[in-house]
Every structure is written in structure tokens, then in C-alpha cells.
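Here is the structure we will look at.
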Amino acid sequence: SFLLQNVVAANGEVKFAGAAVIKGKIKKLGGFFNEIEVEGLTWIIGKGKGGVVKSFDKQTGQLLIYEVESMKSRITPHINGKNISFNVKIESEGRLSENWITSGNAFENKFLKRVEKNTEKEIKRLVKNVVEKMQEEYEADVVGFGNRLKMENPKVWEKVKKNWDQTF
């Protein structure tokens, strides 16, 4: 399965707006991911070139904006009997771009750790939501979990490749 960029026309302008899911086995449209879901996919793939993550401080409810300078990810398959699972390790470098919290000192490590935790929580939410949609709604692996399994555990891949999207 794979994604195609979704393009829409609005007010005489053309813009990218999410992505279409093409189911690999049947070569038909499976559905759509919106812009926010595509952000989650980008974090899983780890190939983003900038952007921002908006989150809210748990203590104050105020807006925090993390500006992404780089991101990378690593998908690692785990086999336990017939159960297949994946670990997605995501790393990012960036900076606190906007801070609307007046009660914190943006230069203190304690405050920056709090911002980091809030940003991490938001990225986990984006990733979890899009993985659930891939698995439950579309039954389509569009980010390459199967490819990682194929490279790291070819014997297991041979057993599941025929019905990978359903297994996924």
C-alpha cells in the first residue's frame, strides 16, 4: 500500500491537503489522511524537513510551539511467537519557537524539560492516531513496517507477506 499526495483547489489556488491511501493488493483507493494525520505519518517515517508541533502546557493550559529543525526515526520489528510488533524510535532537534507561558522561565532546564515532555506527548498522540487509522480503518501499511520486517526477519516475512495488510 502507498500514499498519493492529495491536491485541492480553493479560491483559485492549488494546495496540498493530506494524502490518499492506495491499497497495494487491490490497487484501489482505500481512503484519505488529513493534514494532521500526514504529520503523524511524517514522524513515523522520520523524513520531515521542518515544521512545528503545537502543544499545551499541562500546568497552565498555555500554548507552546516547538519548531522542528530535524527528525529521524527507526522502525524495529519484534517477533514473539506469532505476534509481530514494532518499536518506532523518533528523535528530533528543534527549539521552543513560541512560549505563551508567563509563569515559567524559558531558560531554565526544568522548564525546558516540561516543554519537551509536552511536545513528546503530542507527537505520540499524532503517531498513535494515525497508526490506529492505518490498522483499523484502512488495513494498509503505508509507512513501511512490512519493509522493515522483510529486511530484518525475512523468514517471518515470507510467512506473512501474502496477507500483510490484514496481518498489519
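Some notes on this structure:
- Output for region 22-68, where each listed residue is open to solvent by 50 Å² or more (accessible area, probe 1.4 Å), assigned to a helix (DSSP H, G or I), within 17 Å of Ser92 (Cα to Cα) and among the β-branched types (Val, Ile, Thr): Ile45
- Any hit, region 86-108, residues being assigned to a helix (DSSP H, G or I) and open to solvent by 60 Å² or more (accessible area, probe 1.4 Å): no
- Exactly one residue out of Lys113, Lys117, Lys128, Lys121 is at pLDDT below 95, assigned to a helix (DSSP H, G or I) and within 16 Å of the chain's Cα centre (by Cα): that is Lys121.
- Put simply, of Ala17, Ala10 the only residue that is small (Gly, Ala, Ser), more than 19 Å from Arg125 (Cα to Cα) and surrounded by 14 or more Cβ atoms within 10 Å (Cβ to Cβ) is Ala17.
- Checking each residue in region 69-85 for being of a type in the set (Gly, Ala, Ser) and surrounded by 18 or more Cβ atoms within 10 Å (Cβ to Cβ) picks out only Ser73.
- Filtered residues of region 151-168 (kept if touching a helix residue (DSSP H, G or I) at 6+ places or on another chain (Cβ under 7 Å), closer than 23 Å to Ala19 by Cβ and surrounded by fewer than 18 Cβ atoms within 10 Å (Cβ to Cβ)): Thr167
- Residue pairs meeting the criteria (Cβ under 7 Å; at least 6 apart or on separate chains; first within 15 Å of Tyr138 (Cβ to Cβ), in region 153-168; second in a helix (DSSP H, G or I)): Trp164/Gly146; Thr167/Val160; Phe168/Gln135; Phe168/Phe145; Phe168/Gly146
The values are calculated or read from the model by the stated rules, or taken from the named source; none is laboratory data. It should be emphasised that the depicted structure is a prediction, and the values quoted were computed from it without experimental measurement. Glycine gets a Cβ as well: all are built from the backbone with ideal geometry, and neighbour counts include every protein chain shown. The area values use the complete protein model at the heavy-atom level, side chains included, leaving out ligands, DNA and RNA. Shrake-Rupley method; radii C 1.70, N 1.55, O 1.52, S 1.80 Å.
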